[in-house]
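Undergrad: Encoded as structure tokens, here's the structure I'll be asking about.
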Amino acid sequence: MSLPSTYYDLVCHLRPYVVDFAEQDALDLLEEDDPPAAIHSVDDYESQFSQCIEALEEQTLGPVALQTGRSIEYLKRHLPDEQARASLTGLYATVMQEYHCVVNFMLAGRKTFHFSDNLAEHLAHTEINLKAGMVDLPFTSCLFTFTSRAVINAMHDTRLGSSGGADPNRNVAGVDYSAPISAFLTMHPADAGLPGRKLVISAWHARVPGNVYFMLKRELYLGDDWTLEQALRTEWETLSPQTATAGLNIDTIDGVVSHQGDETFYTDGLSFYRILLNAVLYLSSSQAELTPRLSARPAHNVIDDIRSDKKWRKTRQAALRVSELDYEEVGRSVGRIVVQRGLEKAVPEGRAEGSSPLVRFMVRGHWRRQAHGLAMQERKLIWITPFYKGPDLATLINKPYVVK
């Protein structure tokens, strides 16, 4: 398969100066004697973020300044209405997140993993009652991409509110299912005084060339003695009130930028972050299936050598829909969740011994640390895939009945 254009590709196309300055920061950091594995903030080193903001303002306000004869500084102080001020504030917040993600992405070597739709559906139905120490990214920072309807719905449940038991593959009005989700994950040491680590997640639902629908940022505390279900419900106001940072929600559909309290993320947003943690666990499990893929996008010089303007535009538009990133395809051969019959252990009241259930029900997947090796002293992470018990609908419909 070809990897659809990710949010990284969108930024390269929409705001190339963000990538240029952030990548130069990463290269400068890598030349240090003791380069950081990841940055916490652009304030922690001599960054070029201020130049990036100048380029942003030139792109957005420069044409107006040229037309009116006013300076960019004047225009910033005299924006015409509240909506214009909110839009500029949202753009600053967006670029700040993009910059941090690109710097860390480059420091780790642009490591990208695309999770197949079938695997993503499995992960959406998998519990994660393990110790937080089991979570470890394959690289300090990496990009996860998803095209699964279940993952897209889980992300938008944070914006729209979740109905709890709703079908994860349902169709939600107004949601663009052709747009992939890009989630940048970075592991940091926990804040001072807290034993453990901190997982920073910045996720976008967007499509090239410039359709950006929704962005979420959330930090999860992976305490040494915590379970992952506890991590999903991280309350920074309780853990570290002096340094607590609220989660970020940028809703470009409704034009809203908000700093959200923890409760939003461990209620409506719980399913989305559970899927991401399950994805991390899958990569470190013994069943992980990874297939290296090279980018299918044509090289720039190949496109530029096309002499026909019409063919050049068509080829360039097609190329923009494909990511420039090389990546690992994850779970390529994983099938859909299947129906399994005859696995019942207990007999519900009203049903005869040995009979089969007449309705299907989901048996959720889970993780197990399985003993192996010499004297069974080692442990490996095993994924028990979810499945449906009971007959499928066709079996019930096609069952012969005798009328007496």
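Undergrad: Which is assigned to a helix (DSSP H, G or I) and either at pLDDT below 85 or aliphatic (A, V, I, L, M) (or both), of 248, 220, 276, 216?
TA: Working: 248 fails: assigned to a helix (DSSP H, G or I); 220 fails: assigned to a helix (DSSP H, G or I); 216 fails: assigned to a helix (DSSP H, G or I).
One residue alone meets the criteria, 276.
Undergrad: Hey, another quick one. Give the residues of the stretch 68-111 that are in a loop (DSSP other than H, G, I, E, B) and either of a type in the set (A, V, I, L, M) or in contact (Cβ under 8 Å) with a residue 24 or more places away in the chain (or both), sorted by residue number.
TA: Step one: list which residues in the stretch 68-111 are in a loop (DSSP other than H, G, I, E, B), which gives 69-71, 78-81, 108-111.
Passing the criteria: 79, 108, 109, 110, 111.
Residue-by-condition table, conditions (1) surrounded by fewer than 18 Cβ atoms within 10 Å (Cβ to Cβ); (2) in a helix (DSSP H, G or I); (3) of a type outside the set (Asp, Glu):
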| residue | (1), (2), (3) |
| --- | --- |
| 19 | no, yes, yes |
| 24 | yes, yes, yes |
| 34 | yes, no, no |
| 43 | yes, yes, no |
| 52 | no, yes, yes |
| 58 | yes, yes, no |
| 64 | yes, yes, yes |
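Undergrad: Any residue at all in the stretch 114-136 that is in the same structural domain as residue 23 (by TED's automatic domain parsing), over 30 Å from residue 58 (Cβ atoms), part of a strand (DSSP E or B) and touching a Leu at 6+ places or on another chain (Cβ under 6 Å)? Break it down into steps so the answer makes sense when it comes.
TA: First, pick out the residues of the stretch 114-136 that are in the same structural domain as residue 23 (by TED's automatic domain parsing): 114-136.
Now narrow it down to the ones that are over 30 Å from residue 58 (Cβ atoms): 114-136.
Then keep just the ones that are part of a strand (DSSP E or B); that gives 114-115, 126, 131.
When the remaining residues are screened for being touching a Leu at 6+ places or on another chain (Cβ under 6 Å), the result is 114.
So far as the stretch 114-136 goes, yes, one or more of its residues are in the same structural domain as residue 23 (by TED's automatic domain parsing), over 30 Å from residue 58 (Cβ atoms), part of a strand (DSSP E or B) and touching a Leu at 6+ places or on another chain (Cβ under 6 Å).
Undergrad: Another question, then. Kindly provide the set of residues from the stretch 167-209 that are touching a strand residue (DSSP E or B) at 6+ places or on another chain (Cβ under 7 Å) and at positive phi, ordered by number.
TA: Scanning the stretch 167-209 gives a single hit, 196.
The values are calculated or read from the model by the stated rules, or taken from the named source; none is laboratory data. Fair warning: this is a prediction, and the values are worked out from it, not measured in the lab. A quick note on method: Cβ atoms are made from the backbone with ideal geometry, for glycine too, and the neighbour counts reach across all protein chains shown.
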